[in-house]
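Chemist: Would you mind keeping the following structure in view while I ask a few things?
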Amino acid sequence: MPSKDLLLHVCCAPCSAGIIETLIDEGRGLTVYFYNPNIHPFEEYERRKAEIKRFALTKGLPFVDADHDPDKWLKRVKGLENEKERGKRCQACFDMRLERAALHAHEHGFKALGTTNGISRWKDPRQVRQAGINAVAPYPGLLFLDREWRKDKGIEHMLVASKRENFYRQKYCGCVFSIPREQEKEKTL
Ligand code: SF4
């Protein structure tokens, strides 16, 4: 029977592999949860999902594939399309994904919820932290795993794992509004 210790929301394989390995080393019972309706286009969504699913399964971890839900995501960020990265659209995006993950954690009896969202240098970890805290608030007994993944060699571990596993590395965060970043130089992850 899968462990009900920690439900880990993941965004993509390059950001998540090092964190997953750290948590395994720490003895956490992990289930990997993929809910990322922000990712556009659908082929990109499928590609990122396939990479992290492959990795989770090689580690012997349960993998939960939630819906794509792009229409709901677009509704959630309506009016925020022109926000910059780390702005209000990103907060809404983190909120939506972690709310859904928290609901799943609650419904399936997990003790804690974590996310790999904050490790990228493109993200504001304070936004991710707030989204996690707010997401678990309606569920007494469900804890948010409040970790600063960039610290304690987190970035180094992420890069080493990503290179070793030869992951596909996307050049933009995920949503259609972040795609122009692809044209900028040397700005991955
Ligand atoms: S830039 Fe990334 S975090 Fe921000 S809204 Fe788009 S997909 Fe979500």
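Chemist: Could you tell me the calculated FRET efficiency between LYS153 and LYS75, based on Cβ-Cβ distance and R0 = 35 angstrom, to the nearest 0.05?
Modeler: With R0 = 35 Å, the Cβ-Cβ based efficiency is 0.35.
Chemist: Consider a paramagnetic label point 7 Å from the Cα of ASP65 along Cα→Cβ; state which residues of segment 3-20 have an amide N under 13 Å from it.
Modeler: Under cut-off, by backbone N: nothing.
Chemist: Given only helices, namely DSSP H runs of n ≥ 4 each adding -39500 (n - 2.57), what is the per-residue ellipticity at 222 nm of the chain, to the nearest 500 deg cm²/dmol?
Modeler: It lands at -13500 deg cm²/dmol.
Chemist: For the ranges 161-170, 29-38, 118-127, what's the packing order if you count other beta-carbon atoms within 10 Å of each residue, average per peptide, and put the highest first?
Modeler: Per-residue Cβ counts within 10 Å, averaged per peptide and sorted highest first, yield 29-38, 118-127, 161-170.
Chemist: Sticking with this structure for a sec: For segment 27-157, rounded, prolate or oblate, judged on the Cα gyration tensor with a ≥ b ≥ c (square roots of eigenvalues), a/c < 1.5 rounded, else prolate if a/b > b/c?
Modeler: Because its axes are fairly even, with a/c under 1.5, segment 27-157 counts as rounded.
Chemist: Provide the gained length on full extension for the span ASN134 to GLU21, in nm with one decimal, where the gain is 0.36 nm per separating residue minus the Cα-Cα distance.
Modeler: The span from ASN134 to GLU21 would gain 38.1 nm if fully extended.
Chemist: Ranking request for peptides 93-100, 140-147: highest mean number of other beta-carbon atoms within 10 Å first, then the rest in descending order.
Modeler: The densest-packed peptide leads the list: 93-100, 140-147.
Chemist: Of the listed peptides 60-71, 102-113, 14-25, what is their order by residue-averaged count of other C-beta atoms within 10 Å, with the highest listed first?
Modeler: Taking the mean over residues of other Cβ atoms within 10 Å, the ranking is 14-25, 102-113, 60-71.
Chemist: Where the centre of each part is set by its Cα atoms, how far does segment 17-36 sit from segment 45-65, in angstrom?
Modeler: 11 Å
Chemist: Also, I was wondering about something else. Using the Karplus curve 6.51 cos²θ - 1.76 cosθ + 1.60 with θ = phi - 60°, what ³J(HN,Hα) values do you get for each residue of segment 151-161, in whole Hz, with x for Gly and Pro?
Modeler: Values per residue, Gly and Pro as x: 7, 6, 6, x, 5, 4, 4, 4, 5, 5, 5 Hz.
Chemist: Still on this structure, I have one more. With contacts defined as alpha carbon pairs under 8 Å and 6 or more residues apart, what's the relative contact order of the chain in percent?
Modeler: Value for the chain: 28 percent.
Chemist: Give me, ordered by chain and number, the residues 5 or more places off LEU143 or on other chains with an amide H under 5 Å from its own placed amide H.
Modeler: ALA112, LEU113
The numbers here are math on the coordinates, done by the rules we state, and not lab data. Predicted, not measured: the structure shown is a model, and the values here were computed from it. All Cβ positions, glycine included, derive from the backbone under ideal geometry; neighbour counts span all protein chains shown.
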